[in-house]
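Below: one structure, written as structure tokens.
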Amino acid sequence: MIVKMSKVEIVGPRHLLGEALSLVRRKGDLHIEPSTVGFVDDMHKREVHSLLPDEKALFEKIFLEELESKLHNLFACLPTETIRDSFLTPRPIIETVSKTLDKHLAMCREFYEKRITLQHDLTKLDEYKSFLATVSTLLDKIQLTPDLDYIGITLKDEKAADILKESLTCLKDSSCELLTVPTRDGALVGLIAATKNISEDIRLLLNQKQMPEFSFPEALQNMSFVRKVEYLQKKIQENEKNLQAVDLRLAEFTHRWGPMYKAALEWVREQLSIIQASAFSFETAMCFFIYGWVPAEKVVSLSASLQKDFGGSVVLEEIDIRTEDLERVPVVLQNPQYFKPFENFTRLLPLPSYTSFDPTPFIGLFFPLLFGLILGDAGYGIILFVLSFLLIRIARRHRLFLDGLRILKVCSLYAIIFGFLYGEFFGDFGHRVLGLKPLFIDRQKNIIPMLYFAMAVGLAHVTLGLTMGFVSAIRRHTKKEALLKLINIVFIFLIVALIITFIGFFPELLTRPLIITIIVLCPLLFFSGGLLAPLELLKNIGNIISYARIMAIGLTSVLLANVANQLSGLTGDIILGLIVGGIIHLIGIIIGVFSSSIHSLRLHYVEFFDKFIELGGRKYSPLRANQKRRLKKIFPAPAANSIKKLYENPRSVMPKKYI
């Protein structure tokens, strides 16, 4: 539902504006209106004007923005961890913070850049790490002598190693030796120890066999193989040790100074939000004025808080909402727990206007119903219910996924109910094996009655939408639109009744009176909707016909389930039949869930909501303490620097003068 809003005015002495905004921010209920339109009449417009910041406020804002930027940059350098709350109050120590921050920021930047460099070096050395760890075990197995040359290689598998052994003729006269060790990823690391006079021939052979020698960094080319291995191992160990030391220093800094800077950042954010909100305030010679919107149920609480903190110096007055104000009223949606997950479907649309209706309850009521009408298989519904029930326990941290599972859980119950009404349990399996009979209609055999039923659902749904549109038009005092909605409802029922008489359900004697009534009402149709009114009527009738998809898609689902059962029986083997049938039924469930969801939503968005939902509402954005300004990138130049250069002299006294 759309929460009822109140139009309010907060008034007090000018010097209490900052404190009043601070209280309003803590309460978090007031949506500040940046304009006097609808709040100040033409007679008093000259007396009330926007509150313009003075030089002091301008410098204070520059100082705070620069301080906020530095604090953001500082926290960007620190490790991500929970920082305890500080026992210090930020306001008295903000001057100390501004003095120590530059030194600490420079130190943390240095550590952060060093950490980035070490991580970069370790990333480059990672490709050697596995090879070095493996080849070290091979070096331990052979006797290292200066007369031998060592060649390291990486082989794909044992087959590649066998090919290499056959090609190395030096193995026969013992002038070279090949050792291999498997790595964790299944490859092989090989080490060839050979006399120096044949080592170049071995390298040529490896290139011909497309088994190139393991390459080391170019800076190490003049070192021996053993020296390369030792150097890289030592380099990796040093980098890892240095990285741990840097992380330890940053963690120690965060533990010691993080709480103070966290409190300072929160205080700076609060001051900046108050300064920004003050730009939307208004003043006279003696008083300030704050105009805005508050949920009606929160007005008493906010008024009581102002009375308690200011002893009547700052008061809240509720103003009557006029017709011209309705387009400016911000919209906030609030629904019971059952409907909360369905708000995700509502968010796909723009916000409804304040005078319209919240689409969420309608989706919550009718989406599962249409889903069950389309899927309509008790077996499928039971599987979806069990699956959603189990996954809900796993997906507690993922709100969107959890909401989807809750919606699926409700929809599966409707699928089970309509499955028994249709007599379907995994298609015709329930009828053939379990003796399940339809309680309402067999949609596979009674296609035409099922089509009539789907159209009846469409008639009820579209008529409800038009009725809600009629109510909405009455609330907005648009009489012609209300008359058009009402005449459309009457025309639709007259046309339906006329069609039924042609089919034979109603007596033929009613045909002529129905036709005469339709002709008589035609002028009213043109009067209320103009020349395009007949097209609107045809559109509504087409919307009703569109509900035939309930029959068509549902029939497709049951036929696919029956095909699964038939193919399962044709296999002649129980296990194979279960596998074949299970796979096709699984496909049917997936297709059924997607098609039922998509078409149910389409029937809401296209055929139903356009009858009464008016979109384009303003978002409710109250001034709140937990609102965060956008974090800046790591180490950007402060945005205020260019402005600060214009005020070099005042900047030197800013911390003392404006805190």
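We did not get these values from a lab; they are worked out from the coordinates using the rules stated. Keep in mind that what you see is a predicted model, and the values were worked out from it rather than measured. Cβ coordinates were reconstructed from backbone atoms using ideal geometry, including for glycine residues, and neighbour counts include every protein chain displayed.
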Using R₀ = 41 Å, calculate the FRET efficiency as 1/(1 + (r/R₀)^6) where r is the Cβ-Cβ separation of Arg432 and Asn335; round to 0.05. 0.40
Per 0.36 nm of contour for each residue apart, how much would the distance between Lys165 and Thr478 grow if the chain were fully extended, relative to their Cα-Cα spacing? 103.4 nm
Ranked output for segments 247-259, 8-20 by mean other Cβ atoms within 10 Å, highest leading, reads 8-20, 247-259
Would you mind computing, in nm to one decimal, how far apart the modelled labels at Leu391 and Glu238 are, each placed 7 Å from Cα along Cα→Cβ? 5.3 nm
With R₀ set to 56 angstrom, the calculated FRET efficiency between the beta-carbons of Arg347 and Asp102, to the nearest 0.05, is 0.80
For a quick check: sort Trp293, Trp267 by the number of other beta carbons within 10 angstrom, fewest at the front. Trp267, Trp293
Once label points are set 7 Å from the Cα along Cα→Cβ at both Ser215 and Leu326, what is their separation, rounded to one decimal in nm? 7.4 nm
Report the Cα centroid-to-centroid distance between the stretch 439-459 and the stretch 394-422 in angstrom, as an integer. 24 Å
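For Phe385, Phe371, Phe418, what ranking results if the residue with the fewest other Cβ atoms within 10 Å of its Cβ goes first?
Sorted ascending by nearby Cβ count, the order is Phe385, Phe418, Phe371.
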Please give the length that would be gained between Leu535 and Ala245 if that part of the chain were fully extended, namely 0.36 nm times their separation in residues minus their C-alpha to C-alpha distance (nm, one decimal). 96.8 nm
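Residue separation times 0.36 nm, minus the C-alpha to C-alpha distance between Glu110 and Asn207: what's the value?
30.4 nm is the gain from fully extending Glu110 to Asn207.
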